[in-house]
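Participant: Starting off with a structure, shown below.
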Amino acid sequence: MNTVARDPVARGRATALVLGVCVLWPLLQIAEFNPAALFAPGNLATLGGFLSTFLPPATEADFLGLLAAATLDTLAIATVGIALAMLIAVPLALLSTRSLSVGRLDGRLRPFSEAVRLFARGLTLVLRGVPELVWALVFVRIFGLGPAAGVAALAITYGGMLAKVYAEILESTDLTPTRALLAAGSGRLGALGYGLLPVASDELVSYTVYRWECAVRASVVMGFVGAGGLGQLMDQSMKMLNGGEACSILIAFLLLVMAADALSAWLRRQVC
Amino acid sequence: MISLSAVCVAHARGRLALDGIDLSVTAGERVAVIGPSGAGKTTLLRVIGASLRPTVGQLRIDGVDPWSLNGRALQGLRSRIGKMHQAPPIPPRQRVVTAVLAGRLGQWPLWRAVASLVYPLDIAGARAVLEPLGLADRLFDRCDQLSGGQLQRVALARLFYQQPQLVLADEPVSALDPALARSVAVALNEDAKQRGVTLIASLHAVDLALSEFSRVIGLRDGRVAFDRPAAQLGPAEIDALYAGAPVSEVVETPESAPRPRLTRCA
């Protein structure tokens, strides 16, 4: 009898580890990331000088008014952007997911459905392939400076991202209820509502809220190229070297992200 | 009227799950399919339910080959076939009323299915099928608050709500305690008798097959070992059916464990 003393998969694991290091090390060199630079005395002094201009946070009444308006702008951009993105994402996800395929159930090939699925997948790839910042630069030329450009840019890229992840969530959930409904002659949308969504809803909701949080961040970045909101205000404060204002803006931003986190936790409790 | 002629089903790697099955079941018959694990009971039920296309041979339901139908007609046929499974395919977070109403998704137009998700449109209908099963008071509870036996009875209520002309039950009582198993088997048979529909069930409990069903088919290695009225079946034949079945095959393996959920960061 052949007795194996060693774990037969150990060699494979060791190989994977060595390969991982071999790939990561050159990439680290290319990225020119050198942690020691963070702690060089000259750099620390520069950093300290920069951060000290942030204190105290600006609290003038007219600036706080501006800040409130900009925060509202950012919230509106992110929320409307995500809402439009969902309008794009839901049909695309339903077209590209394999979970609702009747052909998969009985093994009959339906070339037309496969073609539609491939086309939908290609479209989501194109939508999310271009960064939202580039879309924002394009739309600023169409809509002019202001929130509308940010909304359009978010709707397009996030539509692509949500579609891809929605489709994947729908494929990675337990499909037994859906298959049973399809096998009992239910239509695809019926099977979606009665079999798939009840299983997948918590993950769909929490991913959407997480994406909303990302959209808040992205809308701040897009503000730097003129798409309104906290980013645009931040850009102006930084250009005027007003650290106190930048600090207040960062605090507002932090509060927004914390609110998003709380909302996500609350929504998950409602669904589960 | 269901007829199978020379039906074979080959799995991957060429193993035959069904090997030349000839069978006909007339309307209103109540048939139990018994046999050791791996004999092909589940495959046979999936073929009859027009879920699995036979590799060779032909299935006819009321004289029609389901696989010659177009998509819509096949969907219509499937909506007239009710299926029950060992593990009830009901989402845990769904409410009982919704799970029951889902039985008629194949007959309802889409607007009705969607509207019923917002507000259940046939609460009285759902209550009427749950009442005899002793679950009327759980109508608005979530299914994950029910026990395994209660959940299987919800699946039964969904089947009754669907009012199918053909009922296929794949080991519907294997996960239940003996008393509950008998009551579910009796309920299935009573409904079939009352509405005059055909019932085909695969069972591990031979005593239930003999006492409740009118006809028993013994399946082994994908072939029909015997096929006769329950009253004419002796213990010798049943012992022969199960004799020599490897112990490892008798151990039930769950059909497919739910896949682990992925955590996504993007």
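The numbers here are math on the coordinates, done by the rules we state, and not lab data. These numbers were taken from a predicted model, which means no experiment stands behind them. Cβ coordinates were reconstructed from backbone atoms using ideal geometry, including for glycine residues, and neighbour counts include every protein chain displayed.
Participant: Each residue of the range B:141-150 in order: what ³J(HN,Hα) in whole Hz does its phi give by Karplus 6.51 cos²θ - 1.76 cosθ + 1.60, θ = phi - 60°, with x for Gly and Pro?
Facilitator: 7, 7, 5, 6, 8, 9, 7, x, x, 5
Participant: Let's see if you can work this out: charge +1 on each Lys and Arg Cβ, -1 on each Asp and Glu Cβ, no other charges. What is the dipole magnitude of the protein assembly as shown about its Cα centre, in debye to the nearest 20?
Facilitator: 1060 debye
Participant: Using a cut-off of 14 Å between beta-carbons, work out the net charge of the residues near A:Leu94 (Lys and Arg +1, Asp and Glu -1, A:Leu94 not included).
Facilitator: Summing Lys and Arg as +1 and Asp and Glu as -1 gives +3.
Participant: How far, in nm, would the chain grow between B:Val118 and B:Phe140 when pulled straight, counting 0.36 nm per residue and subtracting the alpha carbon separation?
Facilitator: Taking B:Val118 through B:Phe140 to full extension adds about 6.6 nm, to one decimal.
Participant: Of B:Gln194, A:Ala78, A:Leu127, which is farthest towards the positive pole of the protein assembly as shown's charge dipole, taken about the Cα centre with +1 and -1 on the beta-carbons of Lys, Arg and Asp, Glu respectively?
Facilitator: B:Gln194
Participant: Note down the nm distance, to one decimal, between modelled labels 7 Å out along Cα→Cβ at A:Lys239 and at A:Ala10.
Facilitator: With each label point 7 Å from Cα toward Cβ, the separation is 6.4 nm.
Participant: What net charge do the residues around B:Ala192 carry, taking every other residue with its C-beta under 11 Å from that of B:Ala192, with Lys and Arg at +1 and Asp and Glu at -1?
Facilitator: -1
Participant: Using amide H atoms built in the peptide plane, which far-off residues or other-chain residues are under 5 Å from B:Leu18 H to H?
Facilitator: Those lying under 5 Å, H to H, from B:Leu18 are B:Val9.
Participant: With θ set to phi - 60° and the Karplus curve 6.51 cos²θ - 1.76 cosθ + 1.60, what are the ³J(HN,Hα) couplings of the range B:36-44 in order, to the nearest whole Hz, using x for Gly and Pro?
Facilitator: x, 4, x, 6, x, 4, 5, 4, 4
Participant: Would you work out which of A:Ala183, A:Val23, A:Val199 lies farthest towards the positive end of the dipole of chain A, given +1 charges on the beta-carbon of Lys and Arg and -1 on that of Asp and Glu, about the Cα centre?
Facilitator: Looking along the dipole axis, the top candidate is A:Ala183.
Participant: What ranking do B:Arg153, B:Arg138, A:Arg13, B:Arg60 get, fewest neighbouring Cβ atoms within 10 angstrom at the top?
Facilitator: A:Arg13, B:Arg60, B:Arg138, B:Arg153
Participant: Non-local amide H neighbours of B:Gly82 (under 5 Å, H modeled in plane, Pro and chain starts lacking H): which ones?
Facilitator: B:Gln165, B:Leu166, B:Val167, B:Leu168
Participant: Compare B:Pro54, B:Pro91, B:Pro235 in a GNM of chain B, Cα atoms joined below 10 Å, and give the one with the largest fluctuation.
Facilitator: B:Pro235
Participant: Another question about this same structure. If neighbour count is taken as other Cβ atoms inside 10 Å, put B:Asp170, A:Asp7 in order from fewest to most.
Facilitator: Lowest to highest Cβ neighbour count: A:Asp7, B:Asp170.
Participant: So if R0 is 56 Å, what FRET efficiency would B:Gln163 and A:Ser52 give, r being the distance between their Cβ atoms, rounded to the nearest 0.05?
Facilitator: Given R0 = 56 Å and the Cβ-Cβ separation, E is 0.10.
Participant: Sticking with this one: Over chain B, what is the mean sequence separation of C-alpha contacts under 8 Å (at least six apart), divided by residue count, expressed as relative contact order in percent?
Facilitator: Once divided by the residue count of chain B, the mean separation gives 27 percent.
Participant: In debye to the nearest 20, how big a dipole does chain A give about its Cα centre with +1 on each Lys and Arg Cβ and -1 on each Asp and Glu Cβ?
Facilitator: 1180 debye
Participant: Over the range A:23-148, calculate the relative contact order: mean separation of alpha carbon pairs under 8 Å at least 6 apart, over the residue count, as a percent.
Facilitator: Answer for the range A:23-148 is 21 percent.
Participant: Treating only the Cβ atoms of Lys and Arg (+1) and Asp and Glu (-1) as charged, compute the dipole magnitude of the range A:64-164 about its Cα centre; round to the nearest 20 debye.
Facilitator: In debye, rounded to 20, the range A:64-164 gives about 480.
Participant: Starting from the amide H of B:Phe226, placed 1.01 Å from N in the peptide plane, find each other amide H under 5 Å away whose residue is 5 or more places distant or on another chain.
Facilitator: Result for B:Phe226 returns B:Gly218.
Participant: Considering Cα pairs under 8 angstrom that are at least six residues apart, work out the relative contact order of the range A:167-272 and quote it in whole percent.
Facilitator: Taking the mean separation of contacting Cα pairs over the length of the range A:167-272, I get 24 percent.
Participant: ³J(HN,Hα) across the range B:54-63 via Karplus (A = 6.51, B = -1.76, C = 1.60, θ = phi - 60°), whole Hz, x for Gly/Pro?
Facilitator: x, 5, 9, x, 9, 10, 10, 10, 6, x
Participant: Taking only DSSP H segments of four or more residues, each worth -39500 (n - 2.57), what value at 222 nm results for the protein assembly as shown once the sum is divided by all its residues, to the nearest 500 deg cm²/dmol?
Facilitator: -18000 deg cm²/dmol
Participant: Partner chain Cβ atoms within 10 Å, averaged over the residues of B:153-162 - can you pull that number for me?
Facilitator: Mean shielding count: 1.
Participant: What is the distance in Å between the Cα centroid of the range B:58-83 and that of the range A:143-199?
Facilitator: The range B:58-83 and the range A:143-199 have Cα centres spaced 30 Å from each other.
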